[in-house]
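No value in this document is a laboratory result; all are computed from the given coordinates. Just so it is clear, the model here is predicted, and its values are computed rather than measured. Note that we place each Cβ from the backbone using ideal geometry, even for glycine, and neighbour counts take in every protein chain shown.
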Amino acid sequence: MSDKKSNAMWGGRFAAGPDAIMEEINASIGYDKRLASQDIEGSRAHAAMLAKQGIITDNDASAIREGLLTILSEIESGKFEFSAALEDIHMNVEARLKDLIGDAAGRLHTARSRNDQVATDFKLWTREQIDASIGGLEALIQALLKQAEAGADWVMPGFTHLQTAQPVTWGHHMMAYVEMFARDMSRFKDARVRMNESPLGAAALAGTGFNIDRHMTAEALGFDRPAANSLDAVSDRDFALEFLSNATIAAVHLSRFAEELVIWSSAQFRFVQLSDRFSTGSSIMPQKKNPDAAELIRAKIGRIMGSQVALLTVMKGLPLAYSKDMQEDKEQVFDAADNLMLALAAMTGMVSDMNANADELRKAASSGFSTATDLADWLVREAGLPFRDAHHVTGALVALAEQNGCDLPDLSLDQMQTVCDAITEGVFDVLTVDNSVASRISYGGTAPEQVRSQIQRWKQALS
Ligand code: ARG
């Protein structure tokens, strides 16, 4: 047993201090110091409310306020000394407040508990991260819109099963990611609305007998209202889970795009050139230019989704209300948030810098019989064949082209008519990749005019 003095904050009933291992497993200050500014903001709102309600004096409230501002500047300038013996950010701040202003510091914790305090701090922090994530996604979307605009009519192969399917446009492919990242953005916005209720004043779990004004503190902290159930307020972490879930889905989208960039930048594809700023060389193979940023973005989903699974697992089966298990929430969210922001910034940089190789895209689009569907559609429209027969005839023409080592537009009319005598010269109009994409004018289709109208829609929505 340690003979250290018992904890100054809660040690009234303790004869001895904690074992060193107890201190190590218990302390969260190593990471929850990231909540310092939110903790001070919450305490300032609480103190102002206590004074307005006549629970503490105006003199005490202004001493508390001044003291908290001093502490904030000490922390911001790196002068603050954090202590593991004081466990967490809440008690580190309060202990320093006592050094600075004496007994008035002890009145700050009236009608409050660390349980509602930490829930409030963590919610404020997560809310800021939601806003930052929305900003990061928007920057990426802007970069994608620029790419889409530049290449609204560049033809490239569209794939299914990673096999050439039909020609699409570069702009269309970029805009597919705009749709995904915009949904990610709206998921964060939705979550922000749902989470914006203040836990402060729920106290330990049951509320308090003091005549507090939870509406006042909620408003001061930018919440829409106080959370309506004190048990829920201190034990809810679904705002953090929702953040992680949204981060996970965004990371999945980033990962898919990153994978395409890895493939596209290879010597076998040559669809894009990534800038030197987002590539690295090999220490042994001088010719190499590796898409490391894309690969790391592709990998970030591992830890981000891992964080979500970790926190879900921590929360599963916890009885109401607060349990110390919940201290394990913060590192997961911090790590996921940091890595999502980093991945978004790296992807935005890569997209802004990358050069699509329009000639290679076109060449690739023109191989692999990519206009076979256009040919079948022509047979339906112009020669009156049922689609199933048209599909069959087209298959025979593809086989014929393959035998001749050429593509569909390279077959002569005579050759085609040996397969189907209803074919006329007009068929050649639909066999080029440009005509193919130009014909896909259905809403949301790949025709350049459709792509351009989607670009305009998003530009307006985001302006
Ligand atoms: N450091 C704690 C946490 O992060 C603060 C809340 C502690 N509450 C308590 N009753 N011990 O969860």
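Some observations on this one:
- On Cα atoms only, tilt of 292-315 relative to the major axis of the chain in degrees: 50
- For SER6, nonlocal amide neighbours, meaning residues 5 or more places apart or on other chains whose placed amide H falls under 5 Å from its own, are GLY17.
- Taking a ≥ b ≥ c as the square roots of the eigenvalues of the Cα gyration tensor, region 199-242 is classed as oblate, since a/c reaches at least 1.5 and a/b does not exceed b/c.
- About its Cα centre, the dipole of the chain is roughly 920 debye, where the only charges are +1 on Lys and Arg Cβ and -1 on Asp and Glu Cβ.
- Scanning residues 5 or more positions from VAL272 or on other chains, those with amide H under 5 Å from its amide H are SER265, ASN357, with H placed 1.01 Å from N in the peptide plane.
- In the structure shown, the pairs LYS5/LYS98; LYS79/LYS324; LYS33/LYS300; LYS123/LYS316; LYS33/LYS98 are assessed against 23 Å; a Cα-Cα span above that value is assigned to LYS79/LYS324; LYS33/LYS300.
- Cα gyration tensor shape of region 1-142, rounded if a/c is under 1.5, else prolate or oblate by comparing a/b with b/c: oblate
- Simple Cβ-charge dipole of region 302-388, Lys/Arg +1 and Asp/Glu -1, about Cα centre, in debye nearest 20: 280
- Amide H contacts under 5 Å for ALA321, placed H, 5+ residues apart: none
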